[in-house]
Amino acid sequence: AWWQSMPGLGERPDPIALLQAQDAERFAWLLPVRYGRMAADPFCFFRGGAAVMAADLAPMPRSGVEVQLCGDAHLLNFGFYASPERALLFDLNDFDETLRGPFEWDLRRFLASVVLAARQLGLEPEQQDRLARRGSRSYRKAMRRFAGLPLQQLWSLRLDVDRFIAELEPGALRARL
């Protein structure tokens, strides 16, 4: 209903047809595994359906800022990794869907995944909304800060993971992290 009320978006492509169109590019023997995983819950479907979200985002308004996208920037493609110096780092992985596109696509995919993960953890709608807004605000503040940094300083930035977790509200998300 929301999609149909948006002027200029046109007819929404059938999500199942989009997924099936990808089947020709995949190993046939792995398709039951893929669809079995996607059927587990809404978050798993979302994780496996980057093409569906890309089709949904394509007709939406854009800022015109083009970047090299992850293409699959959902919550589980971010994680904690050890550096060669054994420092704990937070970063993005899984660039098998990378492409050039509007920066909003990765941001929207990430924020949608935050809401779906919060739902799966049983958080109330108000908490889901608060997490998505906090993620959006954090992204905006970080980009503003990063834009003013010299490249060398930007390249070597680190997130203090322990402090990040300590600043989260007590609850399921904090306990999970």
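The values are calculated or read from the model by the stated rules, or taken from the named source; none is laboratory data. Owing to the predicted nature of the structure, the values given are computational and were not obtained by experimental measurement. Cβ sites come from the backbone with ideal geometry, for glycine too, and all protein chains shown count toward neighbours. Ligands, DNA and RNA are stripped out before the accessible areas are found, and what is left, the full protein with its side chains, is counted by its heavy atoms. Shrake-Rupley method; radii C 1.70, N 1.55, O 1.52, S 1.80 Å.
Points worth noting:
- For region 149-163, the count of residues that are within 29 Å of P42 (Cα to Cα), of a type in the set (G, A, S) and either at pLDDT below 80 or open to solvent by less than 80 Å² (accessible area, probe 1.4 Å) (or both) is zero.
- Residue within region 64-79 that is aromatic (F, W, Y), farther than 23 Å from G48 by Cβ and either under 18 Å from the mean Cα position of the chain (by Cα) or open to solvent by less than 80 Å² (accessible area, probe 1.4 Å) (or both) present: no
- Flag for L154 being out of contact with any Leu (no Cβ under 6 Å at 6 or more places or on another chain) and in a loop (DSSP other than H, G, I, E, B): no
- Pairs with Cβ under 8 Å, 6+ apart, first in region 50-61 and surrounded by 15 or more Cβ atoms within 10 Å (Cβ to Cβ), second modelled with pLDDT under 85 and assigned to a helix (DSSP H, G or I): D56/W3
- 3 or more residues touching a helix residue (DSSP H, G or I) at 6+ places or on another chain (Cβ under 7 Å): qualifying strands (runs of 3 or more DSSP E) within region 1-99: 88-92
- Failed condition for L111, given (1) at pLDDT below 90; (2) within 23 Å of A147 (Cβ to Cβ): (1)
- Residues in region 100-141 that are farther than 20 Å from R62 by Cβ, open to solvent by 30 Å² or more (accessible area, probe 1.4 Å), in a helix (DSSP H, G or I) and among the small types (G, A, S): S138 only.
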